[in-house]
Structures are given as C-alpha cells and as structure tokens.
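The structure under discussion appears below in the form of structure tokens.
The values are calculated or read from the model by the stated rules, or taken from the named source; none is laboratory data. All figures in this text were calculated on a predicted structure; none of them were measured in a lab. Here the Cβ positions follow ideal geometry from the backbone for every residue, glycine too, while neighbour counts run over all protein chains shown. Heavy atoms of the whole protein, side chains included, go into the accessibility calculation; ligands, DNA and RNA do not. Shrake-Rupley method; radii C 1.70, N 1.55, O 1.52, S 1.80 Å.
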Amino acid sequence: MTETIQSSAENLLHLIFTHILPSEGFALRESQRRLSLSMLSAMMNGQIGLSEAEVGTGKTHAYLLAAIVYGLYAEHPGPVVLSTSTVALQTAIAEQYLPQISNILIRHGILDKPLTWRLRKGKEHYLCERQFRDYLASLESWTEIGFHNAALLSLLRDPEESRIDLDSSGLPSKIRARICVKDSCRDCPLRQNCRYHRMNQEIQAGNYDFLVTNHNYVFADVLTGGSLLPKHDTVIFDEAHRLPDTAREMYGEQLGEKEIPSLLRTIAPERGRSQASRELEEHAALLRQENRMLFTRLTGELPQEEQRFPVCLTPGNRIRLENLIAHIRKLPQLCKGYFVPRRIREIRCACMDIAERLEHIRYAPDRICWLERQEEHWRLCSVPKALQALLRRDFWERDGSCLLTSGTLCGADGFGHIRRVLGMEGMPESRVTEIRTLSVFDYRAHRLLYLPSLPAPKSHRYIPALTEEIVRLVDAFHGHALILFTSYQLMKRVFALTERRLSAYPLYCMNRGQLDIIKRFRESGNGVLFASDACGEGMDIAGDTLSLVIIVRLPFPVPDPVSDYEKSLYPTLREYVQASAVPQMTIKLKQYAGRLIRTETDTGVIAILDNRAGFSGRYHGPVLDALSDTNATDQIEQIRAFLHRCKKPSYFVKGEESA
C-alpha cells in the first residue's frame, strides 16, 4: 500500500467524521476519529490492531467506517469479516449500523451503491429441514402445537433462505430446539434441497461487502482449513475480551458422561429380533458399561461441591479410554443390515466425532485434562498446553489484518495480558499496533467509588456485616441496585438474610441461566437484582433504574486446572498473580463497573465490599487504575450527599414513579 493511497484514505475518513457525520446529527468525538484512523492504518498495512475503546467512544461506527474506506481504496479479496461473541451485537450491526451507514454515505456521494452484507449466526439459530420434517411426522395432529401451527406452516412453505432464521419465527424455545440444526450436514440426504445448505454456499461465495458472524464460527473456519468462510484478508473481532474463552472452547475437546448413552438410546434394537440385533444389543451394553466405569473411576473421589477438578489419566484410565474408542468405532459396522443407509451414515458420523474427541483427550502429556460439572452430570475436558503457540500459528502469523477491540481489553499491565494469553507475546512491534481511548463520559462528576471496611471473609462477623452494608446501601438508594456475586452459595445466603429487610423494593435473585429476570428488573423501576457473573457483562440498563452497582468480591479468576497449569509456568506464586490473576481481575472489574454509566446523563455509585480494594488493601492501586477518573470514599455520608446532589426529587419516590 503506497503512502499516497493511505493518505487519501485517511483524508476521506477524516472528512466523514468531521463533516458528514455531524451534518447527520452525530457528535464529533475526537477519540472515535483517532480510533477509526488507527484501525484503517492497521487494515491498510496488514497489521494486528489491538484497541480498548471505553463506553461512549463509538467503536462500532469506528471500525465499520474504517472498513468501508479500506474497501474503497484497497483491492482485497472477499468481504470484511465482522465477528462478535453475542447475537445481540451481530443483529444490531446487520439491522441497524450497516443500513444506517450505507444510507448516509450514499446521500453524500461516498458510495455509489448500497453496502451488502450477510449475517451468519450459530447453527442452532437455523432451521434443519430433516429435523423439521421428523418433528412434523412425530405430531399426531396439528392441535398439539396450537396457535404455533401458522409459524410452522410458514417455515414449510416459504422457500427463501431468510425464513430459516428461527429467532424471527415466533416459535417457543422448546419447538425451536427440536427443529434447529444440531449435527454435521455432511451426509444428510436432504442436503441438495436444503435452505440452510444454500445459505452456507451463498456465504462461502463471498459476493458481498461484510460477513457478520461469531467468534466460534471464525475459529471453526481456521480449524477446518478455511472451509466455512469466503476468501478474505481482514477480520474484526469485537468483544475481543471473549477470545481467550473461545480459544479454549474451540481448541479443546469434551465428552459428557451422558453423551454415549444418549446415542445408544437412539439406536436400541428390538430385543432378540435377530442375530444382528443381539450382537448390537450386547455391544451397546458393553459400551454403556465402559463409559460408566470410566466416569465412575474419574469422579469417585470428588467432593460434591467441586465444579472443576484436574484429571490424571492413569494407565488404567487410559486403557478404558482406548477400549471406549475401539468399541465406539465398531458400532457403525454392527448397525449395517439393521438400519437404512441414511441412518447408518448418521451413526457413523456421530461415532467418528466421539472417537476423535477421545483420541485427543487420550494424549494427556500434551494436554490439560479436567472434569467439569454440568448441572447434575460430569464432562471430561481437555485443552492443548501449547494453545498460545497454536493461536500464533493459526491467526497472527498469517497474512492479512486482524483487529481486536473491546471496551475492556486492557488489564493492569495494559495489553500485556491479552497478548500473552492469545499467543502474541514477542511478536515484532511492526506487526502489532495498540490504541486506548478513554470514555467520553465525565466519570468524576457522574460516579463515585465506595470502599468501606468490612471484617475478613473468614471471620464470624463477615456475613452479618456484609448484609448490614448491603441493606444500608440499598435503602440509601431506594432500590435501583445490582448486587454482583462471584459465588452462587454466598448470593443465596445473603438474599435469604436480606429478603425481609428489603421487602419495600422489587427483589430478584438470579439463578443459573435465568436471563429473563433482567427484563423484569429493567421494568421494575427501582428493583434490586442479586446476580452472578452473568450480569457483570453485556447488561445495558440506562437511566435511574440502575444507580448502584455493588461488587461483593473482586472478580479474580476461579482456580481451575488450566490456571493451575499456567501457575506452574511461573517461578513464584506472586509473579503469577501479578502477571495473570490481577490483569484478569481488573478486566472483569471494568466490565462490572461498566453496567452503571451507559449514557452521558447517568449517575450512580460503585460499591466494592472487598477489603482488598480498600484504602489499605493490597489491590487498591490496580482497582483505582481500572476505574480511572473516579473519586473514592469510605464514608457512607459522602455517598448520600453525592446521591442527593445528582438525582432529582422524583428519584426518591418509591414505586413506579421512581423509574
């Protein structure tokens, strides 16, 4: 890319931010303009661009406009790939941001035709023709589905690919789970006339400007040798702080203890019908026994409250794994002559998938293995020890540009932590760029940090003091509170102790997976939500409804086999804590704190009820650095004074009027 071309592209982008967007009613934000120019430079020079853009910067417009200008000046193959971790942001980009920007740039003569894009969510969001037909065949009558039959008929009759998006079908989750894409489509007999398959073919053709998708799909494309995405040279990862979790999931392997029994239930032969059926039945019984004995041996000594536990594959356990692999590979052969060819192909695919995962887990010296509780059952998991090296090879050493952006990408060591966990450490400086933009919000005037002193968690006085502090804060704020816990057990205990004392406010206690409760809290006006880590990120409630965020404990990473392995790589525990645990904590703390101020007029208080964050606490410095431009106090009187200074009199009226 010549300097002249890059300079022309930068001038156009500058013009868009300084003249075109303001003429359309957008505020001129210098931090947004600088961020977008940095992103454009990374694209045009084939670099990796790391950026932290705090709330209010407008990073989505920044990277979309940079990508559009890049497309106007650079000859590059295929669309720009936009990847996020949430369906909500994917949908917003496809349905709001891109149409809006396209219309603006056409009106001002920057584009001569509308932008084009495709949205590719996870497969579970789309209709599977075979699952759909099987579901319809299983119904005794249309009366079983009542008023949902119109939606099902629409899916059946409409040939358009757009109709296979189940999110817009109006069907309940129970029906969507029965008819969505679940397994590999490779051997499906309906493949040639399948709308989902046609959609994927159109996406792979790449005849459009942007592909909006998710992190898992981008990783799956890399792991399958580029078989899913069209040819491209630019990927933008928004919500990039989620990439370490995605990498662990996609490069890892897992097998649930109920997975093999569930497969065997779908192929159970009629008892004693023939020699073939007897052999199949005996083999299935053997498989169940081997599977049961493996998990019994692995979980037999584990305490009930453990969620994750390291696994050491002893010679005996490795033999059981090898037996399980051999038996699962033999299963499709025994199904011949008993099932139709289509069903045998499906069974073979399922068995090959399980066998391949078990093969990876079996090579324990190169992998970290652990058991993880999933509701009432266990699953055996593993991830490569050399994950960072694999990420470096598969993503960062390839040609093309890659942008990673988030509101919380930096830890206590800047971008050091994210570079380290994603395998970028030690890469040439010319290959990686960094930029941080602070929020446009006036945090010093609009939020206050409260750091009271409480007894140590192991003290018998801790729980009474904690509940008293929570009640005192919630009463001072007349509700309007989100209380974040890192432990479900502690959350339920504190809720039980405060429920009667806080009965003047709408109270909500969020259990695992109970995301619908957020809507009820939002509509309450002055509710109090006791919640876990799930509400510490992504929840967007502007206005006075949320004016107090209480963080019960600093969100340090929960020890697990992966972090234990990482810990072993450091000479001392102190070095591990400073290099890994503290950056992870501060990144998550910024996510938690980000729930409070969502617009330029929002006001409120962040209360951290953890002595380690207090004025004499060991992590006071990193906490203040993470929550920059925020005054701190340990006096409740200053909190009350701040609240009365910031809020209108109507705020202090209980009930719906306070909303």
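The table below gives the values:
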| item | result |
| --- | --- |
| Among residues of region 610-645, those that are at pLDDT 90 or above and open to solvent by 40 Å² or more (accessible area, probe 1.4 Å), counted | 16 |
| Subset of region 376-406 (residues that are closer than 30 Å to Gly426 by Cα, outside any strand (DSSP E or B) and either open to solvent by 50 Å² or more (accessible area, probe 1.4 Å) or in contact with an Asp or Glu (Cβ under 7 Å, 6 or more places away or on another chain) (or both)) | Lys385, Ala386, Gln388, Ala389, Arg392, Arg393, Glu397, Arg398, Asp399, Gly400 |
| Residue within region 311-326 that is more than 27 Å from the chain's Cα centre (by Cα), under 27 Å from Val558 (Cα atoms), among the hydroxyl-bearing types (Ser, Thr, Tyr) and open to solvent by less than 80 Å² (accessible area, probe 1.4 Å) present | yes |
| Verdict on Val440 being over 30 Å from Ala240 (Cβ atoms) and either open to solvent by 20 Å² or more (accessible area, probe 1.4 Å) or outside any loop (DSSP other than H, G, I, E, B) (or both) | no |
| Where Leu28 falls short, out of the listed (1) over 28 Å from Tyr217 (Cβ atoms); (2) in contact with a helix residue (DSSP H, G or I) (Cβ under 8 Å, 6 or more places away or on another chain); (3) not in a loop (DSSP other than H, G, I, E, B) | (3) |
| Inter-residue pairs, beta-carbon under 6 Å, first within 17 Å of Val552 (Cα to Cα) and in region 574-590, second in a helix (DSSP H, G or I) and aliphatic (A, V, I, L, M), 6+ apart | Thr586/Ala626; Leu589/Ala626; Lys590/Ala626 |
| Enumeration of residues in region 472-498 that are part of a loop (DSSP other than H, G, I, E, B) and farther than 15 Å from Asn526 by Cα | Phe485, Thr486, Ser487 |
| Residue, farthest from Ile101 (Cα to Cα), within region 37-83, restricted to residues that are assigned to a helix (DSSP H, G or I), among the aliphatic types (A, V, I, L, M) and in contact with a strand residue (DSSP E or B) (Cβ under 6 Å, 6 or more places away or on another chain) | Ala42 |
| Some residue of region 592-609 being aliphatic (A, V, I, L, M), under 23 Å from Pro244 (Cβ atoms) and either open to solvent by 20 Å² or more (accessible area, probe 1.4 Å) or in contact with a Cys (Cβ under 9 Å, 6 or more places away or on another chain) (or both) | no |
| Breaking point among (1) surrounded by 15 or more Cβ atoms within 10 Å (Cβ to Cβ); (2) within 23 Å of His241 (Cβ to Cβ), for Ile354 | (2) |
| Index of the failed condition, Leu105 passing every other in (1) modelled with pLDDT of 75 or more; (2) among the hydrophobic types (A, V, I, L, M, F, W, C); (3) over 29 Å from Ile347 (Cα atoms); (4) open to solvent by 60 Å² or more (accessible area, probe 1.4 Å) | (4) |
| Test: residue in region 453-471 that is surrounded by 15 or more Cβ atoms within 10 Å (Cβ to Cβ), under 27 Å from the mean Cα position of the chain (by Cα) and outside any strand (DSSP E or B) | no |
| When residues of region 69-93 are limited to those that are open to solvent by less than 10 Å² (accessible area, probe 1.4 Å) and closer than 22 Å to Lys121 by Cα, the one nearest to the chain's Cα centre (by Cα) | Thr84 |
| Qualifying residue in region 267-289 (condition: open to solvent by 20 Å² or more (accessible area, probe 1.4 Å), small (Gly, Ala, Ser), within 26 Å of the chain's Cα centre (by Cα) and within 30 Å of Ala326 (Cβ to Cβ)) | no |
| Top-ranked residue in region 357-385 [being more than 25 Å from the chain's Cα centre (by Cα) and in contact (Cβ under 8 Å) with a residue 40 or more places away in the chain; ranked as farthest from His283 (Cα to Cα)] | Ala364 |
| Residue count, region 569-579 (criterion: open to solvent by 80 Å² or more (accessible area, probe 1.4 Å) and not basic (Lys, Arg)) | 5 |
| Test: residue in region 109-120 that is among the basic types (Lys, Arg) and in contact with a helix residue (DSSP H, G or I) (Cβ under 7 Å, 6 or more places away or on another chain) | yes |
| Failed item in (1) modelled with pLDDT of 95 or more; (2) open to solvent by 30 Å² or more (accessible area, probe 1.4 Å); (3) within 25 Å of Glu429 (Cα to Cα); (4) of a type outside the set (Lys, Arg), with His19 passing the rest | (3) |
| Options Arg373, Arg348; residue that is surrounded by 16 or more Cβ atoms within 10 Å (Cβ to Cβ) and touching a Lys or Arg at 6+ places or on another chain (Cβ under 8 Å) | Arg373 |
| Tabulated pairs, region 547-558, first closer than 14 Å to Pro452 by Cα and of a type outside the set (Val, Ile, Thr), second in a loop (DSSP other than H, G, I, E, B) and open to solvent by 10 Å² or more (accessible area, probe 1.4 Å), C-beta under 6 angstrom, 6+ apart or interchain | Arg553/Thr486 |
| Considering residues of region 519-541 that are open to solvent by less than 50 Å² (accessible area, probe 1.4 Å), within 19 Å of Asp602 (Cα to Cα) and modelled with pLDDT of 85 or more only, the residue nearest to the chain's Cα centre (by Cα) | Ile541 |
| Within region 24-37, considering residues that are in contact (Cβ under 8 Å) with a residue 60 or more places away in the chain and surrounded by fewer than 20 Cβ atoms within 10 Å (Cβ to Cβ), the one farthest from the chain's Cα centre (by Cα) | Glu24 |
| Enumeration of residues in region 327-345 that are over 20 Å from Lys182 (Cβ atoms), open to solvent by 80 Å² or more (accessible area, probe 1.4 Å) and not in a helix (DSSP H, G or I) | Lys336, Gly337 |
| Checklist (1) without any contact (Cβ under 8 Å) to a residue 60 or more places away in the chain; (2) among the small types (Gly, Ala, Ser); (3) over 15 Å from Phe485 (Cα atoms) applied to Ala534, failing item | (3) |
| Flag if Pro452 is closer than 30 Å to Val311 by Cα and either aromatic (Phe, Trp, Tyr) or in contact with a helix residue (DSSP H, G or I) (Cβ under 8 Å, 6 or more places away or on another chain) (or both) | no |
